[in-house]
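For reference, the structure discussed in these notes is given below.
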Amino acid sequence: TVHRPPSTVHRPPSTVHRPPSTVYRPPSTVHRLPSTVHRPPSTVHRLPSTVYRLPSTVHRLPSTVNFPYNFIAIEGNIGAGKTTLCHRLAGQFGCTLVLEQFTDNPFLPYFYLQPERYAFPVELFFMTERHKQLQEHFAQPDLFRTFTVADYFFVKTLLFAKNNLGEEEFRLFQQLFKVLNATFPKPDLLLYLHRPVEVLLRQIRKRGRDIERNISGAYLEDIQNAYLEYLKTETETPVVVLELGKANFERDDTVFQAIVQLLNERHENGISFKTLHDVPAQSPALYHRSPTGAKKT
C-alpha cells in the first residue's frame, strides 16, 4: 500500500478570466443619408410640345397648273422689271430661278465711267459667268420643281457686246460666244418686257443703284433697238414682246395675272407683239392665288 499523491492535483481553474464577448462595436445603425435626399424635380421645364408651326392649311396652288414650257426666259431692257417678275412667278408657282449676278462683275462700275476702255472685259466676264450658271443648272436639273425661269437669255451676251464693242473686238467675242452657246438648251419661250425709255429711266433712278447713275436714255435706246433687231430674226423659239408701258405687275395683281395667262398659252415660233389688252380676261385652265384663297378664273 504504497502511498501515491492524490489524483486531485490542483489545476488552474478552467474559468480563467477572458475578455467579455460583449466588446464594444460600433452600432449597426450607423447614420446614413436618407433615401429621400432632395433631387431636382423630374418636371424640369422643357419647351412646350405645341411649338408654333406654320399652319398646315397654307394655300398652295394646285398641281394641275402645268405651263406648256419647261424653260422660260424673261428679257427686257435695263430697269424693265425682269428679276421682279421672276420672283413673283417663283413665289406663286415654285419654279426654279436662274438669276443674273450682275453685281459680281468687277468691271461694271468702271465700264459705266469709261465704256470704251472697259467694254471688252465687262462683256467677257458676263458671258463666262452666264455660261457657267446655265451649264451648272442644266447639268443638275431639279426634279422637284415644275419649270425654270431665268431673268436673261444667253443671246443677251451677244447683243450687249455688239452694242458696246468695236468691230475687231466684237469679231473675236462672237467666235467665243458661238462655242459657248452650243452647250445648253435654248428657252422654250422668250418673253420680252417692253417699256418706253422714260419709264426705264424712272425705274432705274427709283431703285438707286450707284453703278447705274450714269446710264443715259440714248444708251437704253440703243439697247432696245439691238434687242428688237435680233428678236425679229429669231425663228426657232416663240418670242412674245409684251408692251407694259407704266404697268406695275409688282403691286397690281391684275397685271401680274395677265402675264401669267400669257405664259400659260402656247405661242408659235417667231416673234409676236402683245399688249395687256390682248390677254383674255378669263381662262378655264388657269388657277391663281387671291388674297382670300384659291380662285379659278
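Every read-out reported here was derived from the displayed coordinates using simple, explicitly stated rules and does not represent laboratory data. Remember, predicted model here, so these are calculated numbers, not experimental data. In this analysis, Cβ positions are derived from the backbone assuming ideal geometry, glycine residues included, and neighbour counts consider all displayed protein chains.
For L191, neighbours were defined as the other residues whose beta-carbon sits under 15 Å from its Cβ, and their charges (Lys and Arg +1, Asp and Glu -1) total -1. Going by neighbour counts of Cβ atoms within 10 Å, the residues H277, H87, H194 line up, fewest first, as H277, H87, H194. Under 12 Å from the Cβ of N269, count the other residues' Cβ atoms, weight Lys and Arg +1, Asp and Glu -1, and hand me the total. Net local charge, N269 excluded: -2.
Straight-line cross-link reach from K178 at under 27 Å between alpha-carbon atoms covers these lysines, not counting any fewer than eight positions away in the same chain: K82, K132, K156, K162, K186, K232.
With a ≥ b ≥ c taken as the square roots of the eigenvalues of the C-alpha gyration tensor of the stretch 185-263, please select rounded if a/c is under 1.5 and otherwise prolate if a/b is larger than b/c or oblate if it is not?
Numbers: a/c = 2.23, a/b = 1.22, b/c = 1.83.
Oblate, since a/c reaches 1.5 and b/c is not below a/b.
Kirkwood analysis of the Cα pair distances in the stretch 61-176 returns a hydrodynamic radius of 15.7 Å.
Answer rounded, prolate or oblate for the stretch 132-211, using the Cα gyration tensor with square roots of eigenvalues a ≥ b ≥ c: rounded when a/c is under 1.5, else prolate when a/b is larger than b/c, else oblate. Because a/c hits 1.5 or more and a/b fails to exceed b/c, the stretch 132-211 counts as oblate. Each Lys and Arg Cβ is given +1 and each Asp and Glu Cβ -1; about its Cα centre, the stretch 133-287 then shows a dipole of about 320 debye.
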